[in-house]
Structure formats: C-alpha cells, structure tokens
1. With the requirement that a residue be more than 14 Å from every other protein chain (Cβ to nearest Cβ) and touching a residue at least 40 places away in the same chain (Cβ under 8 Å), what does segment A:96-127 give you?
2. Could you list, in sequence order, all residues of segment A:74-125 that are open to solvent by 30 Å² or more (accessible area, probe 1.4 Å), modelled with pLDDT of 90 or more and among the hydrophobic types (A, V, I, L, M, F, W, C)?
3. So which residues in segment B:92-147 are closer than 21 Å to B:V52 by Cβ and among the aromatic types (F, W, Y)?
4. I need a count of the residues in segment A:61-82 that are in a strand (DSSP E or B) and either of a type outside the set (D, E) or over 18 Å from B:I49 (Cα atoms) (or both).
5. Would you mind telling me which numbered condition in (1) facing chain A (nearest Cβ under 10 Å); (2) of a type in the set (S, T, Y); (3) under 15 Å from the mean Cα position of the chain (by Cα) B:T82 fails?
6. For segment A:58-73, name all the residues that are more than 12 Å from every other protein chain (Cβ to nearest Cβ) and open to solvent by 80 Å² or more (accessible area, probe 1.4 Å).
7. Check B:V52 against each of (1) surrounded by 15 or more Cβ atoms within 10 Å (Cβ to Cβ); (2) closer than 15 Å to A:R76 by Cα and name the one condition it does not meet.
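The values are calculated or read from the model by the stated rules, or taken from the named source; none is laboratory data. Please read all numbers here as calculations on a predicted model, not as lab measurements. Please note: Cβ atoms are built from the backbone with ideal geometry, for glycine as well, and neighbour counts cover all protein chains shown. Side chains included, ligands, DNA and RNA excluded: accessible areas come from the protein's heavy atoms. Shrake-Rupley method; radii C 1.70, N 1.55, O 1.52, S 1.80 Å.
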Amino acid sequence: MKNIFDIVFNSGWGDMIATDFYQSIPSADITETDKGYQYQIAVPGHKKEDFSVELDNNYIKVSVIKKEETRQEYKRKEFDYSGSSRRFYLSDQADYKSLKASYTNGLLLINVDKKTIVQQNMQIEIK
Amino acid sequence: MNNKQNPFDAFNTFAPIFNNLMHEVLNQSTTKTDSTETKETFKVAAANILEVENGYQLQVAFPGFSKEEVVLNIDGDLLKITATKTATEEVPSVKYLKKELDTRNYKRVFNLSNKIDRSKIAAEYKDGVLYITLPKKDDVAFNIEVK
C-alpha cells in the first residue's frame, strides 16, 4: 500500500490512476449445448503451468499462480491476473469425470460433458 | 532530484473513454468517403506499459485471438493495434449462461512520442498478449561550449 504522502507528493495523480486500478479478475463466457458445457476464461499473458483447476463441491476453481515479484516499472497497468482466482458453478447435469482444460491464445478452456441419462424402457409387471 | 518521469512525457496514452472518443474522431474522417460503411464498434484492449532498459514495453491483451488476427500499424505518430475475429456464425444450439467476453473486435491507439526510435519497434504475440518493444532513440548528450 502506498503511503498517501508518496501518492500526493512523489507522483502525479495520473500515475496513480494509471497503475492502481487494473483488471485482475478474469472475465469468462459459459456456454451450454446438448452435449455439455464450455467455460472460456480470459487470462492473457500466462503459461499453462501457471494454472490450477480444482473441483470443489460443484464449483470449478481456477487459480493463477502468483508470479515471483520481479521489480517492474509499470508506467501504466490495466491488467494483471497473477495470483487471482475465480469459481464457476458446475451444473448437476455435468459429468465431472469428463472435465478437460486447455490454454491457447490467452484463453483457458474448460470442457465438460453432460451426464448421459440412460433411458430405460421398463415394463411394469402387473401382479 | 525526483527521477520519476511523468508517463505522459513519453506517451500520450488515452484512458479507455478517451480512446473511444478518439476512435469516434478517426472514424468520422474515414466514413465520410464511404457512406455505405456500417459503423463498427470496438472494445478497447487493456494495455500495460513498462519501463525497460533503453525504452518501453507495451503489452496489449487480446485473449482468444490468434497471431494472424492481430494487426499492428504505425501511421505517423499513431500506433494502432486492432484485432478482428472473422465473423463466426451464431450456432443456435449454443446457449450462453454467462457472457463477459467481447470477442469480436478490439482496438487500441497510442500516440508515439518522438523519443521512440520507430525503426527499431518490434512486436511479438504470445499467449493472448501483443508485446511491443519501443526503444528510445539514443540520447545525444552534448555540452555547449561557452565562449
């Protein structure tokens, strides 16, 4: 946390606005088809090794590991997803065993199939 | 001495709202010639600017775009970056449960300072981020002889 003195006297207000408010929670699209669900999570600028995807009580938890603090001189900072995490609800209809994740072009894709409901044709015996 | 530079010295960066206004201005001048052109909407791409050795690094985020869809253009003092998705047909069987990403068009315009050596600008696209290196011109330091 910056000291208020530093903020006021050592930097222009522009600096503060330019570096202190940035996007850190990844945005996401969730789509549903007959077959399953797809989660598209926008986390540009990472490697696939930076992610952890966990399943916790009907929630998919996506975490981005914190990058080691290398001193970087930001003149302007509008995005930094390092160290962030977000939970997404996983429908009861989803078959969690089919969860698959991949990372391409800054987009983390999680696919999950719907449970196949075994349609049983039952003859009820009349006693 | 306070060594901290005002970021606006080296760059004229525009806050997203200004960026949009700027596009409005730019669009107006170009659309006059072609009245049939439909007005396109762009989302302003998020950008980081870092001070690195001998210059700056600009990082512009285009999540979900491939290298081929990202175009970097330098026109005079303007550095323009656009990313356009080739129109994908809406599949009716796909239902959106959450829609936060705007994956059609991105645009960002920066004003290049004359301290930047344009001939040495380099760009690399990796993991949804366009990394642009903007080297400063070599400082020519000289003393003026007092006669």
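1. Our first condition is that a residue be more than 14 Å from every other protein chain (Cβ to nearest Cβ); within segment A:96-127, this holds for A:96-101, A:113, A:115-127.
Across segment A:96-127, the qualifying residues are A:Y96, A:S98, A:L99, A:A101, A:D113.
2. Scanning segment A:74-125 gives A:L99, A:A101, A:L109.
3. Across segment B:92-147, the qualifying residues are B:F110, B:Y125, B:Y131.
4. Of all residues in segment A:61-82, those in a strand (DSSP E or B) come to A:61-64, A:73-76, A:79.
Applying the additional criterion that residues be either of a type outside the set (D, E) or over 18 Å from B:I49 (Cα atoms) (or both) yields A:61-64, A:74-76, A:79.
So the count comes out to 8.
5. So B:T82 meets the others, but not (1).
6. A:I65, A:K66, A:K67, A:E68, A:E69
7. (1)
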